[in-house]
Amino acid sequence: MDFYLAAPHPCNYLPGRMAGTLYADPYQPVSTALYSRLIDHGFRRSGEYLYRPHCQGCEACVPVRIPVAEFQPKRYQLRTWQRNQDLAVRAVAGHYREDHFHLYQRYLASRHPGGGMDGSVPEQYQSFLLCAGLDIQLYEFRSGDQLVAVAVTDRLEQGLSAVYTFYDPDQPARSLGRYSILWQIHEAQRLGLPWLYLGYWIKECRKMCYKDEYRPLEAYRHGHWSLMVAPGILPATTLAHPCTSEKNGRSDDIIK
């Protein structure tokens with residue numbers, strides 16, 4: 001399989017830095033089998049594109065996952081869990097729904113104003129979150145008839161991947177973002193799947209550093225998954241950095 005390195009571009013997470021992105025062949029159809037393989041090498045999905053950061057001189061974006069069988073909730077997480085037991089959750093197939101999109105718009109306008117996504121239209125929403133080749137579950141969280149949150153989740157061979165959660169910005173006391181992760185941990189346990197993938201943890205980015213509140217947590221660095229020993233402390237490793245050839249577009253830690 002071929003991989004393509006995009007031209008450097010301004011980083012979306014760390015101001016003043018330039019980022020690079022390695023893409024899996026966009027002409028290769030995305031499937032559960034393919035993504036299940038690539039996610040274990042640090043890739044994520046945006047719409048129908050599979051990618052991972054590949055930045056010169058920077059390794060701030062660290063893929064993380066929760067081994068759900070060993071998860072130990074903290075007291076404040078248990079309080080969040082109990083606070084939301086009145087919500088009903090159901091899974092619906094990964095297709096566009098008007099009420100989901102309206103909630104998404106409200107969430108972006110409140111939580112990420114001026115971030116470039118708050119003017120989203122249905123086509124942008126679908127190209128960001130949906131993918132025809134995957135088993136996507138849209139977990140609806142409802143209080144009675146009111147939709148209060150949607151967790152977009154990919155079901156893979158070895159786990160669930162938390163793609164994106166958006167929720168009612170007028171209900172901050174519920175901590176719906178945290179509750180959605182706790183619920184997905186519980187769902188992975190129920191399904192007998194070993195991991196919940198959370199995407200990239202970025203210590204220096206407020207929007208991305210929250211992920212290390214879930215313990216235990218595994219981090220992918222230099223071609224290897226290992227436990228983070230404490231919040232904000234990455235595992236030590238002496239493994240060589242995976243080599244990616246820009247000339248032939250192949251990533252040596254993935255393609256043998």
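Each value in this text was obtained by applying a stated rule to the coordinates, not by laboratory testing. None of the values given here were measured: they were computed from a predicted structure. Cβ atoms come from the backbone with ideal geometry, glycine included; neighbour counts cover every protein chain shown.
Structure summary
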item	result
Cβ crowding within 10 Å averaged over residues, with 140-148, 126-134 ranked highest first	126-134, 140-148
Neighbour cut-off at most 15 other Cβ (10 Å), DSSP loop, chymotrypsin sites (Phe, Trp or Tyr not before Pro), segment 1-57	27
Top of 162, 93, 69 by mean-square fluctuation, Gaussian network on the chain, Cα under 10 Å	93
Calculated from backbone phi, Karplus (6.51, -1.76, 1.60) coupling profile of segment 193-199 in Hz, x at Gly/Pro	9, x, 9, 10, 8, 10, x
Where GluC sites (Glu not before Pro) fall in DSSP loop in segment 176-232, at most 11 other Cβ within 10 Å	204
Label point 7 Å beyond Cα of residue 82 along Cβ direction - residues of segment 176-192 with amide nitrogen under 11 Å	none
Angle between the chain longest axis and helix 98-111 axis [Cα atoms, degrees, rounded to 10]	70 degrees
Cα convex hull of the chain, projected area averaged across orientations, nm²	13.8 nm²
Hz values of 3J(HN,Hα) by residue in segment 204-215 - Karplus curve (6.51, -1.76, 1.60), Gly and Pro given as x	8, 10, 4, 6, 10, 7, 5, 5, 7, 7, 9, 10
Computed lengthening from residue 46 to residue 110, 0.36 nm per intervening residue step minus Cα-Cα distance	20.8 nm
For segment 64-79, Karplus couplings with θ = phi - 60° (6.51, -1.76, 1.60), whole Hz, Gly/Pro x	9, 8, 9, x, 5, 5, 9, 4, 10, x, 7, 4, 5, 5, 5, 5
Full-extension gain in nm, residue 18 to residue 127, via 0.36 nm per residue minus C-alpha separation	36.8 nm
Principal semi-axes in Å for segment 68-195 [√(5λ), Cα gyration tensor, largest first]	23, 19, 13
Cα-based helix-to-principal-axis angle, 176-191 vs the chain, degrees rounded to 10	80 degrees
Distant-in-sequence amide H partners of residue 18 (H built 1.01 Å from N, under 5 Å)	11
Rounded to the nearest 20 debye, dipole of the chain from Cβ charges on Lys, Arg, Asp, Glu	720 debye
Set of aspartates and glutamates near residue 203 by C-alpha distance (under 15 Å), chain-local residues within fewer than 8 positions excluded	59, 212, 213, 218
